[in-house]
Amino acid sequence: MNFKVPRGTQDILPSESWKWQQVESIIRDVCDNYRYKEIRTPIFEQTELFQRTVGDTTDIVTKEMYTFTDRGNRSMTLRPEGTAPVVRSFVENKMFGYPDQPVKLYYQGPMFRYERQQAGRYRQFVQFGVEAIGSADPAIDAEVIALALDVYKRSGLTDVKLVLNSLGDSESRNAHRDALVAHFTPQIGELCSDCQSRLEKNPLRILDCKVDREHPLMETAPSLSDYLNEQSASYFEKVKGYLDDVGISYELDPNLVRGLDYYNHTAFEIMSTAAGFGAITTLCGGGRYNGLAEEIGGPSAPGIGFGMSIERLLLALEAEGKSFTQERELEVYIVTLDEKAHRKGFKLLNELRNAGVRADMDYMDRKMKAQMKSADRFNAKAVFVIGEDEVEGNTVQLKNMADGSQETIEDGAIIEKLKEQLK
Ligand code: ATP
Ligand code: MG
């Protein structure tokens, strides 16, 4: 029997995992700068949470959820996204009562969507996201966008652009909705069956259709920007003003509607503009979701957030021909020539590690030459060689890998000498 990694998932091998750790540490750093605190929610939630918030007509809920019945006969779903669980937790833990509002949270972890596998699209992917809940200040919209861009910038990406739209409040959306129905109804037969059912349930979703995106009716569809009421338009102006003030440029796209039902007002995506990035160019998607907390039984608490996958960040980096600085290298490798030397080497290894030195040794009983080759492959800066003479004389041979020089060192002076050499 041959087992394989499930379709749409991947093993992150040691040759790649250090890059993930780099991104994770950038994320922690940036969130720390902006005072966002980490929240960890379960991998699965009640199915209804996603049905109610993400929306019954969205791709996620209709086709992509990993839903199962547990042994207590409850319907559970592996989380397809992070916002609903975080807002659920915000409400359940009464974070609206925290003295410092808005509550600024970030999360990072696997999400699950049953999708057709392609480059940048997985069935299990790792999403990093932030949520700022409790403020309707347009400046916080700009802050959240700036944070996302900062993560890309610190990762080394330069070919990214911000695309912005406003979905307005519910009054604006209703007016736009009526206009969309009037626009699509006469020729709805020309669109896909999904779009036909969207027309009644949620016509805005038609604009987000991946099948019909080239249909001429899309070009001429009524634009939300023409239906924003005064309040929504003024909110959007302020968000743009804050972005302008901090020198963040953006492109306006009136057809950017985002894939989830709970969004209103600010909606944004960050795309890669790197040549050769492939068909999927969206790195990050986010927006405002005033009303979501109420929808799941909490008090009114306006919020905004985004989600981005680490997979797409790393793909974008590759597409730009960039990479992180090398993995941290080994400082010391210990080469031992017989069993007694091995025992001495192991003790020394332990001392080195206790002194905070990155060190390793051979555990395969190999010849000296093979051990030296390993030291080379690990890019060790120094090598300790221990043989019969060194065991007897209470010394070690210290080889400097940069210039090849070698000297005999008394056991008592090892750490001191090494620190000198590593400088
Ligand atoms: P798309 O239009 O690409 O399907 P979406 O609207 O479903 O995106 P969101 O739900 O907004 O995406 O998710 C936010 C971010 O999460 C995306 O911008 C992307 O970085 C990432 N993402 C979403 N689905 C996947 C996936 N299947 N594999 C990898 N990353 C994903
Ligand atoms: Mg999707």
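Derivation of every value follows stated rules applied to the coordinates shown; laboratory data play no part. The shown structure was predicted, so the numbers you read here are calculated from the model rather than taken from an experiment. Positions of Cβ are backbone-derived with ideal geometry, glycine not excepted, and every protein chain shown enters the neighbour counts.
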Checklist line | Residue-span extension gain [E420 to Q117] - 0.36 nm each, minus C-alpha spacing | finding: 103.9 nm
Checklist line | Test item: Cα-centred dipole of region 93-164, Lys/Arg +1 and Asp/Glu -1 on Cβ, debye | finding: 440
Notebook entry, point to check: Shape call for region 1-153 from the C-alpha gyration tensor, a ≥ b ≥ c root eigenvalues: rounded (a/c under 1.5), prolate (a/b greater than b/c) or oblate?
Noted result: oblate
Notebook entry, point to check: Can you tell which of G307, A355, A274 lies farthest toward the positive end of the dipole of region 258-377, using +1 and -1 charges on the Cβ of basic and acidic side chains (Lys, Arg; Asp, Glu)?
Noted result: A355
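With r as the distance between the Cβ atoms of F3 and D178 and R0 = 41 Å, compute the FRET efficiency 1/(1 + (r/R0)^6) and round to 0.05.
The formula returns an efficiency of 0.15 here.
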Note to self: Just to be sure I understand the model, the point goes 7 Å from the Cα along the line to the Cβ. What's the resulting K238 to T41 distance in nm?
What the structure shows: 2.7
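Where does the chain land at 222 nm, in deg cm²/dmol rounded to the nearest 500, when only DSSP H runs of n ≥ 4 count, each adding -39500 (n - 2.57), divided by all residues?
-11000 deg cm²/dmol
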Next item on the list: Taking the Cα centre of the chain as origin, sum charge times position over the Cβ atoms of Lys and Arg (+1) and Asp and Glu (-1), and report the length of that vector in debye to the nearest 20.
Entry: 940
Checklist line | Ratio Rg/Rh [Cα only; Rh per Kirkwood] for region 99-146 | finding: 1.15
Checklist line | Size of electric dipole in region 272-387: Cβ of Lys, Arg +1 and of Asp, Glu -1, about Cα centre, debye, nearest 20 | finding: 640
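So which of K381/K419; K19/K153; K347/K367; K161/K240; K381/K423 end up more than 18 Å apart by C-alpha? Could the numbers behind the result be given before it?
On the way: K381/K419 11 Å; K19/K153 15 Å; K347/K367 20 Å; K161/K240 15 Å; K381/K423 10 Å.
Pairs exceeding the cut-off: K347/K367.
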Margin query: As an exercise, take the mean of 1/r over every pair of distinct alpha carbons in the chain, invert it, and state the Kirkwood radius in angstroms.
Written below: 25.0
Next item on the list: May I ask you to order 57-67, 88-98 by the average number of other C-beta atoms within 10 Å around their residues, highest value first?
Entry: 57-67, 88-98
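Suppose a student asked you for the relative contact order of the chain, using Cα pairs under 8 Å spaced at least 6 residues apart; what percent would you report?
Details: 707 pairs, mean separation 64.7, N = 423.
Once normalised by length, the contact order is 15 percent.
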Note to self: Give me a comma-separated list of calculated 3J(HN,Hα) values for region 38-46, in order, Karplus coefficients 6.51, -1.76, 1.60 applied at θ = phi - 60°, integers in Hz, x for any Gly or Pro.
What the structure shows: 6, 10, 10, 10, x, 6, 10, 9, 4
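Ordered by packing density, taken as the mean number of other Cβ atoms within 10 Å over each peptide's residues, highest first, how do 401-407, 309-315, 33-39 rank?
Packing order, densest peptide first, comes out as 309-315, 33-39, 401-407.
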Next item on the list: Using only alpha carbons, build the gyration tensor for region 265-423 and give me the equivalent ellipsoid semi-axes, biggest first, whole Å.
Entry: 54, 20, 13
Notebook entry, point to check: For the pair D70 and Q10, how long in nm is the line joining their label points, each one 7 Å along Cα→Cβ?
Noted result: 3.1
